[in-house]
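The values are calculated or read from the model by the stated rules, or taken from the named source; none is laboratory data. Since this is a predicted model, take the numbers as computed values, not measurements. Note that each Cβ is placed from the backbone with ideal geometry, even for glycine, and that neighbours are counted across all protein chains shown.
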Amino acid sequence: MKRTRRAALAMIAGSGSVLAAETIGFSTTGADREVRFETVSDADAYLGLAADGVAADGLLFEGDPRRPPATFDVHNRLPEPIAITIAVDDVRFVSADGVPVSGDRIVVGEDERDRLGPGERLENVTVGLPRDTERTADVVTGAIRIDADGEATRIDVEREITLERPDVTVEAARLDAYRTDDGRFEHEWSLRDVDTDGVALEGLRFDYSGVDAGGALDFTETDGPSVSVAVDDGEYAGSIERRRPTRLEVALESPIAVESEPIEIVLTNTGPPASPGGGRESPSGATLELVGHGVSTRVEGGWRRP
């Protein structure tokens, strides 16, 4: 976990306990008894929150929708170590510096030795759009809940976050299936004017279940198909994560973001194309889904072969 030490703010002390008199939002802070305090800005609170590395005057993520992914830091301004649990609803964790992400939850300080010390930060907590969600609106609104516990203090806070849903577009897609001189079968996808709207593509999903191939097409019967992706700035490799008779799921080894550029994708060692039906420029029945940071778009390839 990446932590930076800063001077902790002065506290109100009495009877051996510390009472956090300025908390985040309408949070609850406890000492020997439960107390409720007025709102202050997240930047000035004892459990400080800063979005994208900048402490705002108001509350975390208030205002206009954010471009995903969104990043924030948690700053312990209390005079004691604290355990922190961060949970999310309707958005997903992408990463946090040095802390494992488990589903919809991040936990720091289960072991007392790993607690966030006074003046320390948990940095670069990053949230993004949920995976595989149907596009029903241009934005997604979720919740971030933060619970902090020390020996004498407890702070609970919830913040709302609204993320834009980028629009990944492909002008046209062409597909060619052929046999190379060395006897291998390849499928070549040519995508025109791909725009990821600032999102980095993370994966590809090929679906050939709609191809008229007489039942002969079967990716599981080949000795390991492979995939390569070419854009203007170079070539990118991908690894096949899941293989079924007519479907392939590919993870890109390096994310790809493009703006109105062509993309060439080659599937190698696919097995026989089985003389799929359809003439030149006719719909192939095969689809390709581009996936990245909770957004995706699916296109059908038109046959490019003679």
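Side notes on the structure shown:
- Number of the condition not met by VAL229 [criteria: (1) modelled with pLDDT under 90; (2) under 30 Å from PRO69 (Cβ atoms)]: (1)
- Selection count where residues are closer than 11 Å to ILE263 by Cα and buried (at least 16 other Cβ atoms within 10 Å of the Cβ), scope region 232-247: 1
- Just one of the numbered conditions (1) modelled with pLDDT of 85 or more; (2) β-branched (Val, Ile, Thr); (3) more than 30 Å from SER284 (Cβ to Cβ) is not true of VAL101: (1).
- Whichever residue in region 65-113 is without any contact (Cβ under 8 Å) to a residue 24 or more places away in the chain and of a type outside the set (Gly, Ala, Ser) and, among such residues, is nearest to PRO130 (Cα to Cα): ASP104
- Within the set LEU163, LEU191, LEU204, the sole residue that is under 14 Å from SER260 (Cα atoms) and either out of contact with any helix residue (DSSP H, G or I) (no Cβ under 7 Å at 6 or more places or on another chain) or of a type outside the set (Ser, Thr, Tyr) (or both) turns out to be LEU191.
- If you go through region 99-128 and pick out every residue that is assigned to a loop (DSSP other than H, G, I, E, B), more than 22 Å from PRO68 (Cα to Cα) and not basic (Lys, Arg), you end up with 7.
- Residue within region 137-151 that is under 30 Å from GLU80 (Cβ atoms) and assigned to a loop (DSSP other than H, G, I, E, B) present: yes
- The set of residues in region 188-209 that are touching a Ser or Thr at 6+ places or on another chain (Cβ under 7 Å) and surrounded by fewer than 17 Cβ atoms within 10 Å (Cβ to Cβ) comprises ASP193, SER209.
One line per residue, one yes/no per condition, for (1) modelled with pLDDT under 95; (2) within 19 Å of the chain's Cα centre (by Cα); (3) within 30 Å of ALA45 (Cα to Cα):
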site	(1), (2), (3)
ILE155	yes, no, yes
VAL168	yes, yes, no
ASP176	yes, no, no
GLU186	yes, no, no
LEU201	yes, yes, no
TYR208	yes, no, no
